[in-house]
1. Evaluate the charge dipole of the protein assembly as shown about its Cα centre and quote only its size in Debye, nearest 20, assuming +1 on the Cβ of each Lys and Arg and -1 on the Cβ of each Asp and Glu.
2. What distance in nm lies between label points placed 7 Å from Cα along the C-beta direction at A:THR38 and A:THR599?
3. Just rank A:LYS486, A:LYS58, fewest to most, by other beta-carbon atoms within 10 angstrom.
4. Are there any trypsin sites (Lys or Arg not before Pro) in the stretch B:127-211 that are in a DSSP loop and have at most 12 other Cβ atoms within 10 Å? List them by number.
5. For peptide A:544-551, compute the average count of partner chain beta-carbon atoms within 10 Å of each residue's beta-carbon.
6. Tell me, what is the percent relative contact order of chain A, built from C-alpha pairs under 8 Å that lie six or more residues apart?
7. With every atom except the alpha carbons ignored, what do you get for Rg and Dmax of the protein assembly as shown, in angstroms?
8. Classify the stretch A:671-796 as rounded, prolate or oblate from the Cα gyration tensor: take a ≥ b ≥ c as the square roots of its eigenvalues, call it rounded if a/c is under 1.5, otherwise prolate when a/b beats b/c and oblate if not.
Amino acid sequence: MSEKHPLTNMLANKMQRRTFLKWSGAIGLPVIAGGIGTKMLVERNKEAKAVSTKDNEKIISTCSVNNCGGRCVIKAHVKDGVVVRVSTDSQESGDLSTPPLRACVRGRNYRRMLYHPDRLKYPMKRVGKRGEGKFKRISWDEATRTIASEVKRIGDKYGPESRYDNYASGQCWGLHGGSASVRKLLSLTGGFLNYRNDYSSGAGNVATPFTYGTNNSGSSFDSLLHSKYIILWGQNPSEMIFSTPYREYLMQAKKNGARIIVIDPRYTDTAIVFADEWIPILPTTDNAMMDAMGYVIITENLQDQAFLDKYCLGFDGEHMPDGVAKVESLKSYLLGENDGTPKTPEWAEKICQIPANKIREIAREYAKTKPAALIQGWGPQRHAYGEQIMRGGAQLACLTGNVGKLGGWAAGTGYWNRSNIVFPFSYDNPVKASIPCFLWTKAVEMGTEMTAADGLEGTERLNTNIKLIFNMAGNMLINQHADINKTRKLLEDESKVEFIVVSDIFMTPSAKFADILLPGTTFFERYDIGIPWCFGDYVVFGEKTIEPLYECRDEYDVFAEVADKLGVKEKYTEGRTILDLVKESVERTRKELDATFPTFEDFRQKGVHHFKYDGPLVGFKEQIDDFENNRFETPSGKIELFSKTLWDMNQHDEIPAIAKYIPSWEGPEDPLKAQYPLQLISWHYKRRCHSTYDNQEWLEEAAKQEMWLNPKDADKRGIKNGDRVQVFNERGSLLIDVKVTPRITPGVAGIPQGAWYTPDTNGQDQRGSVNVLTSQRPTPLAKATPQLTNLVEVKKA
Amino acid sequence: MTVTIEPLHIQLQPYLLARKKFYQLLHLLFSMPANVDALFEIKKEVTFKELLGQLHEGGKILDDFFQHLNLEQIKREQQEFQRLFIGPGPLGAPPWESYYRSREQLLFEEWTYQIRERYHRFGLQYCKENNEPDDHLLLELEFMVYLSDLCLFATKDHRLDKLLATQISFLEEHLLIWIPYFCEKVIENTSSQLYLGAAMLLEDFLSFDLESLVEVREGLLLCLKNIH
Ligand code: SF4
């Protein structure tokens, strides 16, 4: 026998470790053959062969629709259905009517985001306790069936006001997306509880209209080319972008000779690049500086009296609304005629820590250099009394007559917008009740007890608390909302919110609280049109670059399936796919808004459309040029430095009729400072867009999560650069590495916002997620977030 | 008496069949432990203990595992499977070649293409091509099963030689480069006997398989030379 098998024999002698085969040779085939159930490798589709040659790299122009304010041209280099590389707008700079829309550092990471191994890939249902993070893979059919039946069950049991689509901004600046889809579905099946306002400029959005009648107090960026003096008050476009080409215009303004001042508790990247001077200020004290600037301006008679007389209500005793004492005027307040405290620079210095003479200097420069633009960022108004800050900036713009003039700027919220497209996917919610978005946790806990005093509108009372939450591509469910520990307890109680649906592309802290977790798509995997926040004369085509990966699906399609199960699919889609929506938007934009808008094919091919204008848009120009025929949209038709409406609310301490400095709880004058001596702020970090991309390793290399602390404060605590520290207050505690740097004002600690909440077993956050320390106490008027108002202590961990 | 020498491919049948089964078994061990019957059948039919003699730690662990197999245990393994290989969230041991070979630990990197090429050359493609990466562990194992199956039916010596060469290079250029890192990750991140044992067995077997394939091929070439 052996001679018949020379090869086998040779092997038997040579091979040392034959056990494997002797052993596996003895296994019965049926046992293991069953293993490879369905074959995954199938006979190759012959047609596909022709396309798949070696060098067929295609460049596809698309657009990210996250919430960074910018919108950029993202070029996907696609080969054989795979994105092999990402580049960005290659158009030259120079022509400011068509500025290049180049990606920032976050954009360099987009391919990594797309093919990151941690992508959510399949629908899941929760199997452990809520928030524990235990899930089981399920089919799409089961997922949509469960959602449909819970939408119905909870709607039937508690009424439509029990259903809520939470504020979310992961993927929001397009034509469709999670929230739009959910809202459409809920609207067609009885409705849902609305929210108003946002977490970005929440206080400002409500306050600015009391002065100007609108939030559109900004001017187009090209107007800055005419400015001689620019104050960026708490604005940091170098990191949070604001609008992709904004920095180009700022740079050009600087080249044109504008002097640029940055007022900020931190020496920001914006200050480094643009500022002639950095004015460090203590958080929450902006109005003290503003008041003192006003004081200097009027005591040195630098105000634009003609402007004030003609356009403004409430500057002095001669221009007060009926029935209000003269001594309530802005001028009286600044001079201290009413409260006995003149708002002198020396008074302000004690509060905001800026030397009195510096305040004088800035006030004089701002009042004398014309035109001057005081542009307000929104960080300062995410404060206990954020409303005052936005009205305070507007007040200075009026004192100096910089409103409605080319190169000036009206301050306040500062939206501007003149380039629009049609949004064809809309909904009509039969429920009219609405809450301020920041108070959603309150509406979960005690919605039925909320009243107008809590900002409830559209109804006297709610019939139910929130029982069902859709959280679509957002992290506000836990990470980005204030007071994580409080929110966590609320969500963990499964009897309060009975059902939570989350859709996202990664396992965020919010996703952990899902009952049903849906894998969403990235912008590479869907059609869309990217629109910059409110600012910018451009839109970017979002081409679907590749088919959705894994079992990921666009929310529009997911909720079409849910709608089908609830019998309203036709009404939901009106027969349209996402691509149809994009086409319809373009066609209707051409028909209804702008005949010069390109056709769908042109737009698709160019990838971007720049709207062209003859000149800059100047906020309130019509009113200022022709006041007789164009009044402000306020009750008096004038700019209301003094608002009678606010006065009549009769809460003068916290909601004054003119902008005032109000010492803030957990501000520098709060006695709590004895226990928690540092003011903690947060900022939009260049490596993240809010909390989006926190799990991206590359970006962490670009800018690590760390807390800024001034050397004076660090020394006092024996803390050295790079040390790991514990930051804590009554609400929570976190660990983070410290960067000891003079780039932050003494007395202030700064943690970049958006790090993903990562608690250890004791609930102490390990990642530096700032919202374990922030408060849910809303601002008095807008009921907006005060998330930059916190006192903390820091010690070595 | 004249000795009729059996054709080489016939002589190799037991060897080829045994490796095919081994790959099938590995594939089964790394598949979602959903088929409860199959697992119990393994418990009944397969005695991992016999691997013990040769210091195969993996065999010992698996033996232990299967001896104590019960429904509760299978449920736990299903959760563990999901945690290690499916998600949601960061995976205990991402089961894709690209992840271990790309500098950036991404999926759909050039190795995914290389693997795809290999499938295409054999007229195969992943049924979810471009939707999920082609270089998933289970696909690469399925490919090895496929190739070893082809060997079983290869009656021409040079065809057999080519198939052996293909598998050698697939092992050398792919599986054996990333599987050690993958197994390391599994071993680091799990206390499941099933996956610990399977990972050890996988790594051991692959290096053994390469060694034996090389030797078989050398032997084959030698015999061919003697014959002709
Ligand atoms: S994060 Fe914003 S600015 Fe940066 S690349 Fe993306 S869209 Fe552009």
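No lab work stands behind these numbers, since they all come straight from the coordinates. It should be emphasised that the depicted structure is a prediction, and the values quoted were computed from it without experimental measurement. Note that we place each Cβ from the backbone using ideal geometry, even for glycine, and neighbour counts take in every protein chain shown.
1. 1160
2. Using points 7 Å along Cα→Cβ, the separation is 4.3 nm.
3. In increasing order of surrounding Cβ atoms, one gets A:LYS58, A:LYS486.
4. Answer in residue order: B:LYS156.
5. Counting Cβ atoms of other protein chains within 10 Å of each residue's Cβ and averaging gives 3.
6. Once normalised by length, the contact order is 19 percent.
7. Rg then Dmax for the protein assembly as shown, in Å: 33.6, 132.
8. Cα axes put the stretch A:671-796 in the rounded bin.
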